[in-house]
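Shown next, in structure tokens, is the structure this report addresses.
The values are calculated or read from the model by the stated rules, or taken from the named source; none is laboratory data. Here the structure is a predicted model, which means the values were calculated and not measured. In this analysis, Cβ positions are derived from the backbone assuming ideal geometry, glycine residues included, and neighbour counts consider all displayed protein chains. Heavy atoms of the whole protein, side chains included, go into the accessibility calculation; ligands, DNA and RNA do not. Shrake-Rupley method; radii C 1.70, N 1.55, O 1.52, S 1.80 Å.
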Amino acid sequence: MSTTATNITVRTSRWLTALIGALCITALSMITTLDGGIAPPTPTDMPITLAGITTIEQTFTITRPDLVGLAIQIHPATQIVPDLRIPLHLRYADGPPIDLVSENLSVQAATNGVIAIRFPPLMAVHDLRVPTTTLTFILDIPQVQPNTGLTFTARENHQTPDTLTIDGRVLTNRELVFAPIYQHRWADSLWPISAMARGKPGVLGWPPLYALLAYIYLIVLGVGIANLRRIFLSQG
Amino acid sequence: MGMGPTSVSLSVASPSPNLTLERTDRWRGLREYAPLRWLLPLALLHGLLYLVIVPPWQHYDEPTHFEYAWLIVVHNHIPTMDESDPQMRHNALESMDRFRFYPPGQHLDLTDPNPTEIGMNQRYHPALYYMLVALPLRLVANLPIDVQLYTARTLSLILYTLIIAIAWRVTVVVVPDEPLIQLVVPLMLLFTASFADMMTAVNNDVLVNFAAAALLLGCVLLVCGGMHPTSLVLATLALGVGLITKRTAVILLVPYVLALLWAWHRTPLRLWMVAGVLVIGTLMSAFAGLEIVQAANGTRILALRPWLNQLDSSYLRLSLDSWVRSVSDLEQTNLLYQLLLTISFTSFWVRFGWGNIIIGSWADWVMVGICVACAVGLIVQGWRSRSQMSLSQQRCIWLFLIAVVLGCLSLIARLHPLPSPGYIPYIPRGRYIFTVMLPVIWLIVLGWQGLFPNRWKHVSPIIILGIWGIIDLIVWSNTLIAYFYGVG
């Protein structure tokens with residue numbers, strides 16, 4: 001093989017390696033997992049029958065960034081309830097009455113006694129606009145026949161100051177059985193690309209961009225260092 | 001017979017010796033620019049990292065610099081000091097709030113439809129830079145304000161990239177036989193984190209710094225190549241752009257005049273003659289324009305003579321008298337100079353954002369150590385290499401040194417006139433002399449070489465470059481991230 005052909009092969013293989021590296025970085029930066037599940041039943045669990053209730057409000061404190069969903073325990077109806085939808089509003093507990101999330105919970109979509117909703121990552125933690133990291137979700141319960149058997153679950157809570165309010169009445173030391181769902185991006189453990197992208201416009205809001213940019217920079221830096229080395233050796 | 005066509009073909013195909021030489025020259029010319037193939041992308045990517053990592057509005061006066069350009073786009077004229085747009089300010093405040101501009105606990109009333117201020121009004125500056133920023137802004141005028149800000153920052157990024165190319169060219173002109181130094185100087189400028197941070201902001205300092213670098217290229221071309229029209233036009237144009245962008249560029253006049261002098265007079269000048277003319281000229285000017293008076297606190301200070309005071313009050317209007325009195329009052333300024341030295345030095349090298357982000361006190365001390373060592377090294381190197389350097393090289397280094405000294409003096413000058421006792425004066429930040437960053441880097445590299453014995457000299461640029469590269473890596477991958485994103 002001639003020197004030119006060898007050079008072309010070497011150059012092509014370098015480009016390919018760099019490209020594969022970029023694809024790997026992008027792929028790894030996109031891997032996310034969900035954390036958060038309903039705690040197992042306790043002896044203090046008590047059912048809340050939806051029939052006759054208008055609103056249920058539950059406050060909770062965010063412990064991590066990237067809240068992406070809520071899972072609420074629900075006992076399925078003993079009678080068929082045709083496509084019952086429960087509107088849910090997620091707001092700051094002490095902030096302005098602006099809906100951060102407004103979704104309908106589809107009772108029919110409940111699996112294994114849990115009804116879940118997903119929404120784009122919320123950044124209440126580390127967001128100084130938020131007067132508090134305490135949020136509240138409000139369930140506007142539609143009219144349900146008394147004998148349907150559709151119930152949520154409440155349980156004793158002495159650990160956190162979270163409150164459960166049903167039709168304006170505060171139930172002290174009680175909370176709805178639910179779980180916040182957080183998104184965890186693997187790459188964030190190395191470099192907080194989710195935080196860097198959060199709230200930024202267009203392509204700047206895409207977390208893998210930051211990892212990719214750093215990678216390409218380091219590759220070009222490597223090329224520069226190789227050139228410096230060549231010159232250094234030729235001088236030495 | 002069979003050779004006939006071949007010989008004809010050969011005679012047609014073979015280039016003449018002149019043509020071959022011309023091609024070789026052109027090839028050599030192109031090869032000379034080969035480092036830019038990776039240096040420019042590296043600068044662009046490095047700047048882009050700083051541009052995207054630093055959240056919107058997190059540079060010195062970025063909201064109000066942006067507002068100036070924004071008003072030009074929307075109103076189609078240069079705005080007056082009082083002009084503003086409540087909706088724009090509201091959008092900017094909303095974005096600043098969203099990107100955690102304000103410290104914890106400070107919350108804005110975003111329901112106020114007429115927000116008053118988003119920072120210090122910048123409209124006392126000349127409009128050139130803002131008119132340039134307005135060009136790309138027009139293309140995104142209907143997009144959200146964050147997008148507009150990033151678009152404005154992009155212009156700075158382009159100028160930053162071009163400065164690195166200029167730094168490379170300056171070095172090639174000054175040391176054509178030192179390929180390693182030709183890369184080390186632009187790379188060190190590239191790795192200077194505070195400079196990269198500033199150069200990717202929306203701020204008129206960016207254009208002044210660019211003009212200063214272009215002027216320096218023009219000056220070294222004049223010094224090394226003589227009074228060539230291209231060099232003269234480049235230097236003059238760069239000086240003009242600098243002067244009509246910001247008054248901090250006024251210090252560039254001296255290197256420009258010196259370069260013209262040295263381009264015109266290309267034989268050595270006697271040192272004693274130069275020193276004599278300077279000393280006598282300074283003494284005569286001082287004697288003609290200044291007198292010693294007694295200050296209110298009893299100390300002896302300098303003041304303008306009446307004729308100069310009259311000229312200043314009726315024509316110059318620079319408040320020269322109060323300035324001279326303030327500068328010569330050493331008793332009052334002694335402590336302030338110490339403060340100025342600390343603040344301007346640290347903000348020149350290792351402060352980011354609004355000057356509030358620090359790497360750590362270790363970085364301050366590393367930079368103090370390097371600068372002191374390089375100052376010593378510069379004297380050693382100057383003595384050691386005095387016979388090895390050509391006249392034009394010596395003059396270029398003098399040009400760099402004079403630019404840096406003038407930069408330092410301009411910072412001191414900026415401190416004056418001091419306010420009345422009891423008021424704390426504004427201590428100028430190091431960013432005001434980023435105009436001389438390239439000469440500073442040059443002197444650092446030279447001084448650093450002076451610290452090493454001759455047999456280790458070739459390794460020294462790599463070591464200092466390594467230190468710069470590591471500090472830069474720490475800044476963008478950790479310091480800024482830890483500050484802005486709460487982790488790292």
If I filter the stretch B:445-462 down to residues being among the hydrophobic types (A, V, I, L, M, F, W, C) and within 12 Å of A:Phe232 (Cα to Cα), which single residue comes out as modelled with the lowest pLDDT? B:Val459
Among (1) under 26 Å from B:Thr479 (Cα atoms); (2) away from chain A (no Cβ under 13 Å), the one test that B:Leu137 misses: (1)
Has the stretch B:331-338 got at least one residue that is acidic (Asp, Glu) and over 28 Å from B:Gln449 (Cα atoms)? yes
Tell me whether the stretch B:311-325 contains one or more residues that are in contact with a Pro (Cβ under 8 Å, 6 or more places away or on another chain), open to solvent by less than 30 Å² (accessible area, probe 1.4 Å) and in contact (Cβ under 8 Å) with a residue 60 or more places away in the chain. no
Is there a residue being among the small types (Gly, Ala, Ser), under 22 Å from the mean Cα position of the chain (by Cα) and in the same structural domain as A:Leu84 (by TED's automatic domain parsing) anywhere in the stretch A:168-186? yes
Residue by residue through the stretch A:202-236, note down the ones that are open to solvent by 70 Å² or more (accessible area, probe 1.4 Å) and polar (S, T, N, Q). A:Ser234, A:Gln235
Leading residue by the ranking (surrounded by the most Cβ atoms within 10 Å (Cβ to Cβ)) among those in the stretch A:135-182 that are of a type in the set (Val, Ile, Thr) and in a loop (DSSP other than H, G, I, E, B): A:Val177
Of all the strands (runs of 3 or more DSSP E) wholly in the stretch A:1-68, which have at least 3 residues that are closer than 28 Å to A:Thr148 by Cβ and either touching a residue at least 60 places away in the same chain (Cβ under 8 Å) or open to solvent by 50 Å² or more (accessible area, probe 1.4 Å) (or both)? A:46-49, A:55-61
Given the conditions (1) at pLDDT below 95; (2) in contact with a helix residue (DSSP H, G or I) (Cβ under 7 Å, 6 or more places away or on another chain); (3) farther than 22 Å from B:Gly355 by Cβ, which single one is not true for B:Leu45? (1)
Does A:Ser234 count as at the interface with chain B (Cβ under 9 Å from one of its Cβ atoms) and either of a type in the set (A, V, I, L, M) or without any contact (Cβ under 8 Å) to a residue 12 or more places away in the chain (or both)? yes
Among the helices (runs of 4 or more DSSP H) contained in the stretch B:173-256, which hold 3 or more residues that are open to solvent by 10 Å² or more (accessible area, probe 1.4 Å)? B:179-191, B:205-225, B:229-243
Counting only residues that are among the small types (Gly, Ala, Ser) and within 18 Å of B:Phe484 (Cβ to Cβ), which one in the stretch A:202-228 is farthest from the other protein chains (Cβ to nearest Cβ)? A:Ala211
Which of the residues spanning the stretch B:137-175 are over 22 Å from B:Phe195 (Cβ atoms) and basic (Lys, Arg)? B:Arg138
Scan the stretch B:450-460 for residues that are more than 9 Å from chain A (Cβ to nearest Cβ) and either open to solvent by 60 Å² or more (accessible area, probe 1.4 Å) or assigned to a helix (DSSP H, G or I) (or both) and jot them down. B:Gly450, B:Leu451, B:Pro453, B:Asn454, B:Arg455, B:Trp456, B:Ser460
Kindly establish whether A:Pro76 is in contact with a helix residue (DSSP H, G or I) (Cβ under 9 Å, 6 or more places away or on another chain), open to solvent by 80 Å² or more (accessible area, probe 1.4 Å) and over 26 Å from A:Arg198 (Cβ atoms). yes
Any residue at all in the stretch B:62-71 that's more than 14 Å from chain A (Cβ to nearest Cβ), part of a loop (DSSP other than H, G, I, E, B), at pLDDT 90 or above and farther than 30 Å from B:Gly469 by Cβ? no
Test for B:Gly355: is it touching a Ser or Thr at 6+ places or on another chain (Cβ under 6 Å), at pLDDT below 95 and surrounded by fewer than 19 Cβ atoms within 10 Å (Cβ to Cβ): yes
Mind listing just one residue for me: the one in the stretch A:183-201 that is open to solvent by 70 Å² or more (accessible area, probe 1.4 Å) and in contact with a helix residue (DSSP H, G or I) (Cβ under 9 Å, 6 or more places away or on another chain) and, of those, nearest to the other protein chains (Cβ to nearest Cβ)? A:Leu190
So how many residues does the stretch B:146-197 have that are more than 14 Å from every other protein chain (Cβ to nearest Cβ) and among the charged types (D, E, K, R)? 2
Of everything in the stretch B:326-349 that's among the aliphatic types (A, V, I, L, M) and closer than 13 Å to B:Ile301 by Cβ, which residue is least open to solvent (accessible area, probe 1.4 Å)? B:Val327
Only one of B:Arg395, B:Arg431 is in contact with an Asp or Glu (Cβ under 8 Å, 6 or more places away or on another chain), among the basic types (Lys, Arg) and part of a helix (DSSP H, G or I). Can you tell me which? B:Arg431
Sort out which residues of the stretch B:128-151 are surrounded by fewer than 24 Cβ atoms within 10 Å (Cβ to Cβ) and under 19 Å from the mean Cα position of the chain (by Cα), and write them in order of number. B:Leu128, B:Leu132
Residues in the stretch B:469-483 that are surrounded by 20 or more Cβ atoms within 10 Å (Cβ to Cβ) and within 8 Å of chain A (Cβ to nearest Cβ): how many? 1
Given the condition touching a Ser or Thr at 6+ places or on another chain (Cβ under 6 Å) and surrounded by 10 or more Cβ atoms within 10 Å (Cβ to Cβ), answer yes or no: does some residue in the stretch B:284-306 qualify? yes
Tally, over the stretch B:381-392, of residues that are assigned to a helix (DSSP H, G or I) and surrounded by fewer than 16 Cβ atoms within 10 Å (Cβ to Cβ): 3
